1. On a 32 Å Cα-Cα criterion, which of the cross-link pairs Lys114/Lys175; Lys64/Lys105; Lys41/Lys114; Lys41/Lys96 come out too long?
2. Order 173-181, 136-144, 77-85 from most to least packed using the mean count of other Cβ atoms within 10 Å.
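No lab work stands behind these numbers, since they all come straight from the coordinates. No experiment lies behind these values; they were computed from the predicted model shown. Here Cβ is always computed from backbone atoms with ideal geometry, including for glycine, and neighbour counts include all displayed protein chains.
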Amino acid sequence: MNKKLSWIFLFIPVLLILGLFFIPVKKEILETQVANAVAVKGQLAPDFTLNNLKGQKIKLSSFKGKVVLLNFWATWCYPCSMEIPSMESLYKKLKKLDFHMLAVKIKDKPFGQKFVDEKKVKFPVLLDNNSSIALLYGLTGVPESYIIDKKGYITEKVVGAMDWDKPEIIDYLKKLIAEKK
C-alpha cells in the first residue's frame, strides 16, 4: 500500500509540471494560427481546390460572380449535424439565384455518400482530407462558415451553428446577390 501511495505522490507533481509546460505551448500555437489566418472579413477569400464526393475537383474561385456560403464541418460534430437541415432549406431557396453553397468536411473519419444520403443533403460537399484548407482559413473549430460576396471578398464569418434559413439571413444574402458584380 505504501508503494502505491508513494507512486501517486510522485506521479501527481510530475503531471502538474508537465501540464504547466504544455499548456502555454498550446496557447502559443493557437495564437500563432489565429494571427496567421488568411481568411479575414473584408479580405479576399483564400482560393482552394478540393474534390467533391464524386472525385471532381472544385475550385472556390470558379464561383466568382456568385455569393458563396462556405461552411466547414465534421461528421462527429453535433452542432454541424443540427444546422444541415437549415442549410439544405437555404440552398433550395437560393440555388436558382447567383448563390452557391460549399460544405467542406474536414478530416475526421471515413465518410461517404451514405452520410449525405441519410441527411438528405443536396448541396455540394467537398473533402478536406488533410485539413489543409481548414488550416488555410485559420479555423478555430466547427462549424465555422464564411459568406463570400460576388467579388470573392469575405463579408461575414460565423463561428458556431446557425439557423441558416431565418428570414433575416435570407434577406442579407439576397441583398448581396442583388449587388452588381
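1. Distance filter (> 32 Å) returns Lys114/Lys175; Lys41/Lys114.
2. The most tightly packed comes first, giving 136-144, 77-85, 173-181.
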